[in-house]
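Working notes, beginning with the structure itself.
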Amino acid sequence: MKVLVPVKRVVDFNVKVRVKSDHSGVDIANVKMSMNPFDEIAVEEAVRLKEKGAATEVVAVSCGVAQCQETLRTAMAIGADRGILVQSDAELQPLAVAKLLAELAKKETPQLVVLGKQAIDDDANQTGQMLAALMGWPQATNASQVEVSGDRVKVTREIDGGLETLDLALPAVITVDLRLNEPRYVTLPNIMKAKKKPLESVSPEDLGVDVAPRLKTLEVMDPPARKGGVMVPDVATLVDKLKNEAKVV
Ligand code: AMP
């Protein structure tokens, strides 16, 4: 069973991004970039499936600028067998990425595509769902447990009221949540090994996909600054302020 794992290069989760002065977006020049944290979990899960004998090959895919190669190398250091870069300098929105992944899925014929549940830069939570729709494959989002047996996969997902277990026929699309696993530490020998693994590069044109943006960002603003707090002398004053100033009770 081949597993395809899309990995996105995003601003590192520790970086506090700044809104550009013209409010057209956030400034990502010279900031640390890393693999989307949910995608690390997806790669880890795919590699565990391979280690258990349920998968035979793990292929990482990244769509974006040439530096996404670093993200693919990280995926290969975790244990992916090879990488595919869909190279484009254009702004790639979830629909464009889903179309690119669909074309790759048609070429690579994986039995499972495991994505992150969302990218921490756009917080879209759309790509996996769109990919499943384009392929006509079953999908299970926000997975907290994945069990493959034969040509089916059981996925446990966290929902508001508790846990839900879905039983899907393969091929299928799964998006992963935080509690699925804890990704392994990437060791230096594995980083060195990853440098020798195959990395193929294709363009959106090679795949016949028009990646032109469909959505336009109108304005990006900082959240309102927090106002300073005040000490109140007693509960009566607190209740009075909540009622008459904040108007929340
Ligand atoms: P999103 O729908 O943007 O929140 O992203 C959900 C998931 O889709 C991510 O966790 C990745 O697994 C995948 N994904 C999104 N954008 C890309 C990209 N440019 N390259 C590879 N995978 C992506």
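So here's what we get for this one:
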| read-out | value |
| --- | --- |
| Of all residues making up the range 165-185, the number that are open to solvent by less than 70 Å² (accessible area, probe 1.4 Å) and under 23 Å from residue 37 (Cβ atoms) | 9 |
| Near pairs, Cβ below 6 angstrom, 6+ apart or cross-chain, from the range 208-232 (without any contact (Cβ under 8 Å) to a residue 12 or more places away in the chain) to any residue that is of a type in the set (A, V, I, L, M, F, W, C) | 232/238 |
| Residue within the range 39-53 that is within 20 Å of residue 129 (Cα to Cα), among the small types (Gly, Ala, Ser), assigned to a strand (DSSP E or B) and open to solvent by less than 40 Å² (accessible area, probe 1.4 Å) present | no |
| Cβ-Cβ under 7 Å pairs, at least 6 apart or on other chains, the range 40-53 side touching a residue at least 40 places away in the same chain (Cβ under 8 Å) and at negative phi, far side among the charged types (D, E, K, R) and away from the ligand (no atom under 16 Å from the Cβ) | 44/184 |
| Extreme residue, farthest from residue 118 (Cα to Cα), among residues of the range 142-164 that are loosely packed, with under 14 Cβ neighbours inside 10 Å and among the hydrophobic types (A, V, I, L, M, F, W, C) | 163 |
| Selection count where residues are of a type in the set (A, V, I, L, M, F, W, C) and open to solvent by 20 Å² or more (accessible area, probe 1.4 Å), scope the range 75-94 | 2 |
| Pair list, Cβ under 7 Å, 6 or more apart: the range 87-112 residue touching a residue at least 24 places away in the same chain (Cβ under 8 Å) and within 26 Å of residue 49 (Cα to Cα), other residue near the ligand (Cβ under 8 Å from one of its atoms) and among the β-branched types (Val, Ile, Thr) | 97/127; 98/127; 100/86; 101/61; 104/61 |
| For residue 123: the one exception among (1) within 9 Å of the ligand (Cβ to nearest atom); (2) without any contact (Cβ under 8 Å) to a residue 24 or more places away in the chain; (3) within 23 Å of residue 198 (Cα to Cα) | (3) |
| Any hit, the range 34-48, residues being at pLDDT 95 or above, touching a Phe, Trp or Tyr at 6+ places or on another chain (Cβ under 9 Å), under 29 Å from residue 221 (Cα atoms) and away from the ligand (no atom under 11 Å from the Cβ) | yes |
| Residue match in the range 64-73 (condition: open to solvent by 40 Å² or more (accessible area, probe 1.4 Å) and either hydroxyl-bearing (Ser, Thr, Tyr) or within 11 Å of the ligand (Cβ to nearest atom) (or both)) | yes |
| Failed item in (1) in a loop (DSSP other than H, G, I, E, B); (2) near the ligand (Cβ under 8 Å from one of its atoms), with residue 101 passing the rest | (1) |
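The values are calculated or read from the model by the stated rules, or taken from the named source; none is laboratory data. Only a predicted model underlies this, so the values are computations on that prediction, with no experimental measurement involved. When we count neighbours, we look across all protein chains shown, and the Cβ atoms used for this are built from the backbone with ideal geometry, even at glycine. Accessible surface is based on the protein model in full, side chains and every heavy atom, while ligands, DNA and RNA are left aside. Shrake-Rupley method; radii C 1.70, N 1.55, O 1.52, S 1.80 Å.
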